[in-house]
Each structure stands twice: as structure tokens, then as C-alpha cells.
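Presented below is the structure to which this report refers.
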Amino acid sequence: MNMQIKILDKVYECENQIAAVGAIFDQVQQLLTQSNTSLSSFEIDGVKLYSNYDQYIVEHIENIKIVVIHVKTLKELMDDTLSSINEYLVRAIPEIDKMVDEFYQGASQNTWDKFAQLLEGLQFIIDSLNTIGDNQHWYYNASQLGLVKQDILRQIVMLQVAMENEDRVKLSDVLLYEIIPTFRALIKEITVNNDYGQVQ
């Protein structure tokens with residue numbers, strides 16, 4: 001019995017054996033690189049998978065008939081990322097407010113843990129905005145997003161200085177008067193982008 005592997009406009013056929021599937025997947029990887037796309041999901045005989053597809057294929061190798069590989073362009077992935085960032089920002093603002101109160105009152109270990117998570121979130125936002133900076137043609141307000149990135153980079157330095165000096169008041173001030181307004185500005189830019197994208 002053979003299985004079919006469909007991706008973009010190509011259909012590959014191979015035997016239901018790990019080695020054969022592996023060889024096809026090498027070709028699939030080349031195709032993804034050439035077409036500037038990334039894996040989005042797998043549909044294996046009607047079962048949709050967003051992760052662990054290799055494990056699923058190994059476990060069901062003998063019976064698989066059709067594998068459909070869904071792809072997304074980097075722009076589509078970035079759009080998804082911006083939506084995730086937007087959701088994160090909306091959740092983060094009230095949390096930062098609470099964190100500021102805790103810093104003023106004397107921070108607990110939990111406060112510092114939340115602060116560490118915030119720094120990770122800021123780094124993820126920077127990485128995402130870097131990708132937009134490398135692909136300015138994707139978004140008409142890419143330059144505005146670039147300015148927001150510069151603000152966040154500056155604020156990270158301010159947070160680091162405040163941490164090194166163990167200055168909780170300065171830390172709170174940066175969170176309250178710098179980070180929160182920047183998060184609001186970023187929400188606005190993402191929203192404007194979404195609205196603009198739908199108007200066209």
C-alpha cells in the first residue's frame with residue numbers, strides 16, 4: 001500500500017515505510033525553503049495535527065493513505081504572531097499594574113517571577129518587531145512599529161539599571177509610566193493594522 005503526501009500544488013507517493021516517508025519529507029523541507037513558507041499543520045487521513053506529527057506518522061505508518069501538509073507564508077505567520085502579541089498585551093497591562101503595587105509595597109518572590117516573565121514577553125515582542133523591520137513592505141505602519149521597538153529597547157535598559165541598583169521605585173516608575181503606555185501604543189498600532197488590512 002502507498003500513501004500520498006500533498007503539499008502546495010505537489011503530490012508525492014511513497015511506500016508506507018519510515019525511510020520512504022523520511023526521504024519525501026527532505027524534499028518537502030526543500031520545497032518549504034524555496035517557497036518561503038512554513039509548516040502550519042498536517043492533516044493525516046482527516047485528522048488535523050498542529051504538533052507531534054512525526055510521532056503520529058510513526059505510530060500509524062502502516063495505515064496512512066493521505067497526508068495533506070498545510071503551509072503558511074511568513075507574512076501569515078507574522079499576522080498570527082501580532083494577534084498573539086495583542087492578546088498578550090491586553091492581559092499584561094492589568095498584571096503590570098498589580099506588579100507596580102507589589103513593588104511599592106515590597107516585592108515577593110512571586111512579584112519577581114512575574115517580572116521575569118514580563119522580560120521574556122518583551123524579548124518576544126522585540127524579536128517579532130525585528131522580523132517586521134526586516135520585511136517593512138508587509139505593514140504600512142512598519143515604521144511606527146519600529147519606533148515602538150526602539151522605545152521598548154530603551155525601557156529594557158532602564159529596567160536593567162533599576163534592577164542593578166535594586167531601586168524598586170524606579171522599577172515601578174518605568175513599568176507604570178513607560179511600559180504600560182508603550183503597550184497601549186502597540187495595541188493601537190496592531191489594531192490599526194488589522195483594520196487597515198480589512199479595508200483593502
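The values are calculated or read from the model by the stated rules, or taken from the named source; none is laboratory data. Note that the structure is predicted; figures quoted are calculated from it, not measured. Note that each Cβ is placed from the backbone with ideal geometry, even for glycine, and that neighbours are counted across all protein chains shown. For the accessible areas, the whole protein counts, side chains as well, though only heavy atoms, and no ligand, DNA or RNA atoms are used. Shrake-Rupley method; radii C 1.70, N 1.55, O 1.52, S 1.80 Å.
What to note about this one:
- Within region 148-175, the set of residues being touching a residue at least 40 places away in the same chain (Cβ under 8 Å) and open to solvent by 50 Å² or more (accessible area, probe 1.4 Å) comprises Arg168, Val169.
- Scope region 22-64; condition of a type in the set (D, E, K, R) and closer than 17 Å to Val11 by Cα; matching residues: Asp26, Glu43, Asp45
- Residues in region 118-141 that are open to solvent by less than 50 Å² (accessible area, probe 1.4 Å) and not in a helix (DSSP H, G or I) were compared, and the one that is farthest from Asp195 (Cα to Cα) is Asn135.
- Cβ-Cβ contacts under 6 Å between residues 6 or more apart (or on different chains), taken from a first residue in region 56-84 that is closer than 18 Å to Thr37 by Cβ and touching a residue at least 40 places away in the same chain (Cβ under 8 Å) to a second residue that is surrounded by 14 or more Cβ atoms within 10 Å (Cβ to Cβ) and among the basic types (Lys, Arg), are listed as Val68/Lys6.
- Whichever residue in region 17-54 is acidic (Asp, Glu) and in a helix (DSSP H, G or I) and, among such residues, is surrounded by the most Cβ atoms within 10 Å (Cβ to Cβ): Asp54
- All told, Phe115 meets the bar of being of a type in the set (Phe, Trp, Tyr), farther than 14 Å from Leu82 by Cβ and open to solvent by less than 80 Å² (accessible area, probe 1.4 Å).
- Index of the failed condition, Asn63 passing every other in (1) farther than 29 Å from Ile18 by Cβ; (2) open to solvent by 70 Å² or more (accessible area, probe 1.4 Å); (3) at pLDDT below 95; (4) not hydroxyl-bearing (Ser, Thr, Tyr): (1)
- Taken over region 142-185, the residue count meeting the criterion of being of a type outside the set (Asp, Glu) and outside any helix (DSSP H, G or I) is 1.
- Unique residue being aromatic (Phe, Trp, Tyr), closer than 30 Å to Leu145 by Cβ and open to solvent by less than 70 Å² (accessible area, probe 1.4 Å) when the list is Tyr12, Tyr88: Tyr88
- Every condition in (1) without any contact (Cβ under 8 Å) to a residue 40 or more places away in the chain; (2) under 28 Å from the mean Cα position of the chain (by Cα) is met by Val100 except one, and the failing one is (1).
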